[in-house]
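S.K.: Dropping a structure here in structure tokens format, bear with me for questions.
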Amino acid sequence: MTRKGVQHRLTRVFLIQILFISLATVFGVWATAQIIENVLVKQALIKEAEHYWTLHDQDDDFPRPNTRHLLGLLVDDDTRDPVPDALAELPDGYQRVPLDGETPIVYIEHRGDARLYLIFDEKRVSVLAFLFGVLPLTVVLLVIYLTAFLGWRKSRALVSPLVQLAETLRHTDFNDPEQARPDLERVEAEPGSEAEVLLASLDAYADRLLRFVDRERQFTRDASHELRTPLAVFRANLELLAMQVGDRPMIGRMADTVDDMESLVETLLLLARTEQQPVVEEELVVNDVAVNLLDRLQPLAERKQIRLQVRQTALLTLEASETVLNIVLTNLVRNAINYSGSGEVTIVVAPGAVHVVDSGSGMDAEALARFLKPFERGDSGEGGHGLGLAIVQRLCERFEWSLDVASQPGKGTDVRVRFR
């Protein structure tokens with residue numbers, strides 16, 4: 001499972017949520033403590049001092065505050081309470097002071113010659129705050145964490161079938177007919193859930209699609225096989241006709257058409273077979289294949305008054321099926337010969353690629369966009385069905401080769417097959 005999967009994203013969202021809740025809680029507790037210490041306690045001590053001064057003005061012997069949390073000390077002409085040395089030199093005001101290993105809050109105020117020290121021991125108050133504030137807050141946080149965790153668990157359970165489905169599809173080799181149908185039975189989904197509906201729909205769609213592909217493959221194989229016999233008969237009769245009346249241009253065009261049809265039939269049979277069984281690959285010297293192709297198609301080029309040549313700029317070896325490579329290059333070279341009009345066609349063997357370059361009229365952007373579509377033909381007036389280049393593209397996709405076309409009007413066309 002990738003780190004970008006839905007479950008990982010849910011986990012990240014849960015952790016970020018918990019982090020923000022924790023940070024907000026810590027900040028809230030800290031801010032509350034600051035408010036209590038710097039506002040509430042301070043104001044309470046100031047009011048306590050004002051209240052004491054009021055009572056002291058009425059009665060000089062009024063006792064200083066002396067409670068469990070607050071101790072008052074007075075220094076004036078008549079009263080000398082024992083003030084710790086650490087407090088004696090402090091200025092008036094509200095402050096924390098280290099005293100006997102602790103840091104109580106001290107408020108100092110003088111009126112005339114009298115000076116009042118209020119020492120507030122917040123330790124016990126802090127214990128009460130912890131008991132009545134922090135503990136309930138901790139319980140609330142635990143409830144929030146538990147609720148978020150249960151929500152995370154439920155979310156993972158809800159998306160788990162989708163994750164399993166994605167993993168199943170990710171590891172399905174759709175190019176392999178034996179494994180093209182994903183095994184969806186391993187994906188667990190709750191009965192009646194949306195995931196179950198999706199799985200059932202995908203399963204039915206896969207069955208229908210595979211039946212359609214099987215029918216198409218069977219028809220292609222049967223039709224291609226049945227076409228061989230009439231083509232063989234037609235070729236034999238053309239040869240007899242040529243022996244009787246001589247080599248006529250019309251007979252040559254008919255022979256070229258038969259060659260094209262036989263090449264198309266062989267290609268269709270190859271496509272039907274390669275999708276059902278692996279192709280035997282061997283180490284090929286592409287230079288030799290190009291030279292052999294030149295010898296085989298030279299008569300066709302001469303009849304079309306095309307100069308056919310091979311230019312080798314590198315020694316190119318390849319692990320591939322010789323039949324497949326021959327079909328791809330033959331279709332490209334035949335197409336270049338048929339549609340270049342006149343001039344020359346060059347097979348260029350380059351590092352990692354083979355180019356078929358013609359010096360024909362070229363194509364504009366609109367014609368180039370239709371170039372690889374089935375049943376699209378050029379404007380040369382030649383026969384054909386417009387399937388050759390579409391089949392070349394399909395073969396290149398099947399064997400993970402790259403097919404690129406570059407063309408400009410008046411400058412010819414360059415078709416490149418780049419091998420992986």
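S.K.: Could you list, in sequence order, the residues of segment 120-152 that are within 20 Å of Ser22 (Cβ to Cβ), at pLDDT 75 or above and either surrounded by 12 or more Cβ atoms within 10 Å (Cβ to Cβ) or of a type in the set (Phe, Trp, Tyr) (or both)?
M.R.: Those that are within 20 Å of Ser22 (Cβ to Cβ), at pLDDT 75 or above and either surrounded by 12 or more Cβ atoms within 10 Å (Cβ to Cβ) or of a type in the set (Phe, Trp, Tyr) (or both): Thr138, Leu141, Ile144, Tyr145, Ala148, Phe149, Gly151, Trp152.
Residues checked against (1) farther than 22 Å from Phe419 by Cβ; (2) charged (D, E, K, R):
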| position | (1), (2) |
| --- | --- |
| Val286 | no, no |
| Glu302 | yes, yes |
| Arg307 | yes, yes |
| Thr330 | no, no |
| Gly360 | yes, no |
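S.K.: Would you be able to say whether some residue in segment 196-219 is within 30 Å of Asp256 (Cα to Cα), at pLDDT 70 or above and either touching a Pro at 6+ places or on another chain (Cβ under 8 Å) or aromatic (Phe, Trp, Tyr) (or both)?
M.R.: Among the residues of segment 196-219, at least one is within 30 Å of Asp256 (Cα to Cα), at pLDDT 70 or above and either touching a Pro at 6+ places or on another chain (Cβ under 8 Å) or aromatic (Phe, Trp, Tyr) (or both), which makes the answer yes.
S.K.: Given the criteria farther than 30 Å from Ser359 by Cβ, part of a helix (DSSP H, G or I) and within 39 Å of the chain's Cα centre (by Cα), does Leu268 qualify?
M.R.: Values: farther than 30 Å from Ser359 by Cβ: yes; part of a helix (DSSP H, G or I): yes; within 39 Å of the chain's Cα centre (by Cα): yes.
In short, yes.
S.K.: Please identify the pairs in which a residue from segment 199-211 that is aliphatic (A, V, I, L, M) has its Cβ atom under 6 Å from the Cβ atom of a residue that is at pLDDT below 80 and open to solvent by 80 Å² or more (accessible area, probe 1.4 Å), counting only partners at least 6 apart or on another chain.
M.R.: Ala206/Arg181; Leu210/Arg181
S.K.: In segment 73-97, what count of residues is obtained for those that are over 16 Å from Gly112 (Cα atoms) and not in a loop (DSSP other than H, G, I, E, B)?
M.R.: So the count comes out to 7.
S.K.: Considering only segment 65-116, state which residues are farther than 18 Å from Lys42 by Cα, among the aliphatic types (A, V, I, L, M) and open to solvent by 20 Å² or more (accessible area, probe 1.4 Å).
M.R.: Residues satisfying the conditions are Val75, Val83, Ala86, Ala88, Leu99.
S.K.: Same structure again: Among the numbered conditions (1) farther than 30 Å from Arg215 by Cβ; (2) at pLDDT below 85; (3) in contact with a Pro (Cβ under 7 Å, 6 or more places away or on another chain), tell me where Ala314 comes up short.
M.R.: Status for Ala314: all satisfied but (2).
S.K.: Test Gly378 against the stated conditions and say whether it is open to solvent by less than 50 Å² (accessible area, probe 1.4 Å), over 36 Å from the mean Cα position of the chain (by Cα) and either of a type outside the set (A, V, I, L, M, F, W, C) or modelled with pLDDT of 85 or more (or both).
M.R.: Here the answer is yes, as Gly378 does meet what is asked.
The values are calculated or read from the model by the stated rules, or taken from the named source; none is laboratory data. Worth saying up front: this structure is predicted, and the values here are computed from it rather than measured. Don't worry about glycine lacking a Cβ; one is built from the backbone with ideal geometry, like all the others, and counts go over all protein chains shown. Areas reflect the complete protein model, heavy atoms only, side chains present, ligands, DNA and RNA absent. Shrake-Rupley method; radii C 1.70, N 1.55, O 1.52, S 1.80 Å.
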